[in-house]
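Beneath this line is the structure, given in structure tokens, with notes to follow.
The values are calculated or read from the model by the stated rules, or taken from the named source; none is laboratory data. Every value quoted in this text rests on a predicted model; they were computed, and no experiment measured them. Glycine also receives a Cβ, built like all others from the backbone with ideal geometry; neighbour counts cover every protein chain displayed. In case anyone asks, the SASA skips ligands and DNA or RNA and just uses the protein heavy atoms, side chains included. Shrake-Rupley method; radii C 1.70, N 1.55, O 1.52, S 1.80 Å.
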Amino acid sequence: MANSPAGTATRATVDPAGFRSLMTAHPVGVTIVTALGPDGEPWGMTCSSLTGVSLQPATLLVCLRDRSPTLAALLRTSAFAVNLLHDRAEPVARLFSSGAPDRFEKTVWDPDPESGVPHLVEDAHTIADCEVSETLAVGDHVVVFGRVHRVAHHATGPAGPLLYGMRQYWSLPDPADDGSER
């Protein structure tokens, strides 16, 4: 597959503000990508760039800032977890997007028994444990392809996904609540 069609000129891209306005208009599920550094220190960041890639082998991708310490940790150990946040986890999503150095002291997490990668068991309805299979640098981000080795569901009751779009966090209405009086 060619990188660009033959005979086409490279055109300028839209400015960052224009691109940001496009992407914020597209609501997405909110995740926190976590990793364990080689020194045993937990790392994590809020991420809304998650896509399923393949069923065989089970592969997903996340896009992380190229200067992220979380990216550096997961590249050194080749292991990471994708914590899919439930609709009550907005505070932890904000915490992990803030860059606060004490974020793991302010939230409950358990190390995965096999890899030690942090699992945010109280804030995630589902967690995927992954191994880095490939990376691709694109602009100021790195696309990380992860082979999914295990999926764990942690919902203790009805919980929808936490969403982000239009520059705000939100969730879907509970389908069991149709708005009618009982």
A careful count of residues in the range 95-105 that are open to solvent by 70 Å² or more (accessible area, probe 1.4 Å) and in contact (Cβ under 8 Å) with a residue 12 or more places away in the chain gives 1
Tell me, yes or no, whether the range 108-125 has at least one residue that is open to solvent by 40 Å² or more (accessible area, probe 1.4 Å), at pLDDT below 95, of a type in the set (Gly, Ala, Ser) and within 16 Å of Arg88 (Cα to Cα). no
Which residues, counting only those in the range 70-87, are open to solvent by 60 Å² or more (accessible area, probe 1.4 Å) and either without any contact (Cβ under 8 Å) to a residue 60 or more places away in the chain or assigned to a strand (DSSP E or B) (or both)? Arg76
Failed item, numbered, when Glu90 is tested on (1) surrounded by fewer than 16 Cβ atoms within 10 Å (Cβ to Cβ); (2) out of contact with any Asp or Glu (no Cβ under 9 Å at 6 or more places or on another chain); (3) more than 23 Å from Gly37 (Cα to Cα): (1)
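Can you tell me how many residues in the range 107-126 are assigned to a strand (DSSP E or B) and closer than 24 Å to His26 by Cβ?
3
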